[in-house]
Structures are given as C-alpha cells and as structure tokens.
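Report on one structure; see the data block that follows.
The values are calculated or read from the model by the stated rules, or taken from the named source; none is laboratory data. The shown structure was predicted, so the numbers you read here are calculated from the model rather than taken from an experiment. Because the Cβ atoms are built from the backbone with ideal geometry, glycine has one as well, and the counts that use them run over all protein chains shown. When the accessible area is computed, the model is the full protein with side chains, heavy atoms only, and any ligands, DNA or RNA have been set aside. Shrake-Rupley method; radii C 1.70, N 1.55, O 1.52, S 1.80 Å.
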Amino acid sequence: MRQTIRGLTGRGRGLVAVGVGLLLGAIVFGQRDLLQVAVLILALPVLSVLVVARGRYRLACARSVTPHRIPVGGTAEVTVVLENVSRLPSGLLLVEDALPWELGPMPRFVLDRVEPTGTREVDYAVASLVRGRYTVGPVSVRMVDPFGLVAMTRAFTARDTLLVTPVVHPLPAAPLGGDWSGQGDSRPRSIASSGEDDVVPRDYRTGDDLRRVHWRATARYGDLMVRREEQPWRSRATVLVDTRASAHRGTGPESSFEWALSAAASVCVHLARRGWSLRLVDGDGVPLVADSAEAGADTEGQVLDALAVAGPSESTRLGAADPQARRQTADGVVVAVLGALDTATAESLARVKPGGGTAIALVQDVGAWRPHPGPSRDADHAGSVAAAALLRQAGWRVVLAGPGDPLGTLWPQAVRGVGAIGTTTVGSAGRAVPTPTAAPTPGPGGAP
C-alpha cells in the first residue's frame, strides 16, 4: 500500500492537495457543504489507490524469442504475452521490455484496457551488429487507474537469452585429403591411427581367423565367438582460430578479428553438416569445442555458441603451435585461420601439420584492415606473405585473405593449395603467395 501511495501521479497529488485545502477551509470556516466536497475529492485518490493495489499481483507475463540464436546483422522476433488473471479490468498499461543497448532502443507499448482473464500480445524485432550473449528482459508494466491518479510499476523476473553469432558463409564442396569423409566402419589404417578395437564379440563366421577367437565369450555363450575389429569412425578435423589481440587490426564489426571468427564458424559448420568430428581451438590452444564426436551432439550449436562469446586474448604467443597441439592433431585435417605471424611463430606452427594429413591455412593480410596506408600496413603485408610462404614450404595449403575477399571463393583455393611449380597462387584480392619448388601430394579423401 505504501508503494502504491508513492505512485500517485501529478494529477493525483494535485487532487489530494486540493482536497486537503478544502478540508482545512471547511474546518476553519465551519462550512458543511465545503467539507462534503473535500471528502469527495479525497475519496477519489483513495479509491484509485485501492483499485491499483487490489490488482497489483494479478498480471501474468510470458516471453518468447525466435530464434534464440541469430548471426550478426540478423533479426529475432520477441513476443510478449500479458494476461489479466484478476476479475477486474485493468486500466491503462505501459509495457516496457529491458534490452541492452546493443539490441536497439527499449521497446514500449501502451495497452488501453485488458478485460478480466483477457490477454494481449505485443511483438517487436531486435537486431545487433555486435556478437555476444544478451539478456532480454525483464518486462516492466506501469499500471494506471482509470482516472490517471495512481501509477504503479511492476517488474517481472523472467529473462531470456539471445545469442548473436558470427556470420556463417556457405562454402562450396571441395576434396580434402588426410582422412575419409562421412562415417561408417573403420578401415585398418583408421584402426591403427586412432582409438582402440571394439572388443564386443560376435558369432564365428566361416573364414574368420582363429587368432580372433574370444575364448571368454565362447565359454560364456557356448558358441564360438570372435572379436570385432570394426568400429565406428568419423573424419576428424581441428579448426584453429587465432584470437590473439596483437595478431589483428581494425576495430568493431569490420575488424580482422571478427573476420577470423566468421571464417572459423563457416568452416566448422561446413564440416559439421557433412558428418565430421570437430575440435575448435583458440589462439592460446584452449579448446572451445573439445570433441564433437558424441552421438547426437549439436556440433553446429556448440561451435556458434562458443564463437558468439569469444574475445581477443592478451597473449602474444600462439599456444596452438606448442608440441602438445601437434600431438592432438596427429591425424585428420587441420584448418587454421591466422592473423599476423612473426617468423618464429610461423616456423613453430608449420610443424603442427599432421603426418599424412592435410593442413590448410587462411592467412589474413592484416595490413589491409588498417584504416590508413603507410609503413605499418606495408610491414604487416610483408609479414603475412613471409608467414604464408613458410607454411607452404612446410606442406601447408595456404591462401592470403583480405577484408574484401569472399570466403566462398577463398575456400576452394585454400583446399587446392599451391599452383604449378614456379608460379604464385593469387587470391581474389590479388595477393600473391610464393610457392615452393615442389608441390605436396594430396592424400586420399572425399569431398566434404
């Protein structure tokens, strides 16, 4: 009740002041008629307070956000449903949903009247040019009595989450070497290079090697049983995204850092939709998505959720080039989205290439993200070209990328790797990468 009294509007406070003045005048001058008018005037705010206080906790609210995950620049629809669960009609309602500034201005709606047990639905759209995890809500409702004398604000507790992820670009199918595409029963090479044999026994079949007989299972079931040497397998890929702040140029949504996250998201989604098992690693060597091989795992969702909240690292060392990272990428395919690299880092990263596998590098020409030309831009460009050349000499398939290069064009170039001997491979923006004197031979592979 005290909170409701404090919610008197300017009109209500003025009416109370007039009523009190008339009441004092009636007492001083002994005017009975003036006293009746004063009581009537004071009764209106009191009745308004009682009406608003009576319906204080008689509203229900529900909100839905569709979809709950959108790319940068995308739009989500928010629906707020208010229900009057009391037996009295509501007065004027001002509905406001709390939003962070990144999602746009605070939405406000005016509802004239909600009948008993009636509902009202309001919709609005949100969009953001900045990645992140945002909280939508809570909804606050400002209730006003029919005379406009009392206003009360009620805030609900329900909140929803909206994820704004990097933009995912569709990539064309291109053959990758170093592993088999899809999933099924493993071949001897896959068994030897990863995992342990599935020891679940099966019935003996004519022609089975007697050395595979599982004697314990044979004794248990009373029939000759042999060990299985087949196990489920999936093509494996490790995607490295360079998140070091010192390796990127530019600011805001147009920076090279945001381009790198968008490229990593596009590659991960491209491979995940084709049944690949993924590891996503940041520049410090910390797995953002440790292993997506579990059955039923929402790999695409895991990747986008991780990259939506990924931030630049203050580290100057590329932890993904450490020896431990080389052991984790011993088989499968490695795809690296790299910023600025010095010679030592490029040489260390070059050794991460899996033996017998495929290593692909999208090296960003970070100088192109500088706002103004000058010696710094030229130095960045020279460093990117030198790092790309070192990786290519180590057997990596490399392409230089700039802010104007479409990822759908760069991806096939990166997968194909080097051109003919003695020539250069030129990206869509005209950046040339020197090639070694001999091209590596691609391994066997499908078309992811």
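The set of residues in the stretch 6-38 being loosely packed, with under 14 Cβ neighbours inside 10 Å and either touching a residue at least 40 places away in the same chain (Cβ under 8 Å) or in a loop (DSSP other than H, G, I, E, B) (or both) consists of Gly30 alone. Output yes when any residue across the stretch 276-284 is modelled with pLDDT under 85 and under 20 Å from the mean Cα position of the chain (by Cα), and no when none is. No, the conditions are met nowhere in the stretch 276-284.
Highlighted here are the strands (runs of 3 or more DSSP E) found entirely within the stretch 107-198 that include at least 2 residues which are among the polar types (S, T, N, Q), closer than 28 Å to Pro67 by Cβ and at pLDDT 80 or above: 160-165. Among the residues making up the stretch 235-279, those that are open to solvent by 10 Å² or more (accessible area, probe 1.4 Å), more than 16 Å from Leu362 (Cβ to Cβ), touching a Ser or Thr at 6+ places or on another chain (Cβ under 9 Å) and not hydroxyl-bearing (Ser, Thr, Tyr) are Arg236, Ala245, Gly250, Ala272, Arg273, Arg274, Gly275, Arg279. Residue count for the stretch 75-97, restricted to those that are at pLDDT 95 or above and in a loop (DSSP other than H, G, I, E, B): 0. Of the residues making up the stretch 84-102, none is open to solvent by less than 40 Å² (accessible area, probe 1.4 Å), within 30 Å of Ala264 (Cα to Cα) and of a type in the set (Ser, Thr, Tyr).
Have a look at Val65, Val81, Val51, Val72 and point out the one that is open to solvent by 30 Å² or more (accessible area, probe 1.4 Å), within 44 Å of the chain's Cα centre (by Cα) and either on the phi > 0 side of the Ramachandran plot or touching a residue at least 60 places away in the same chain (Cβ under 8 Å) (or both).
Values: Val65 fails: open to solvent by 30 Å² or more (accessible area, probe 1.4 Å); Val81 fails: either on the phi > 0 side of the Ramachandran plot or touching a residue at least 60 places away in the same chain (Cβ under 8 Å) (or both); Val51 fails: within 44 Å of the chain's Cα centre (by Cα).
From the options Val65, Val81, Val51, Val72, the qualifying one is Val72.
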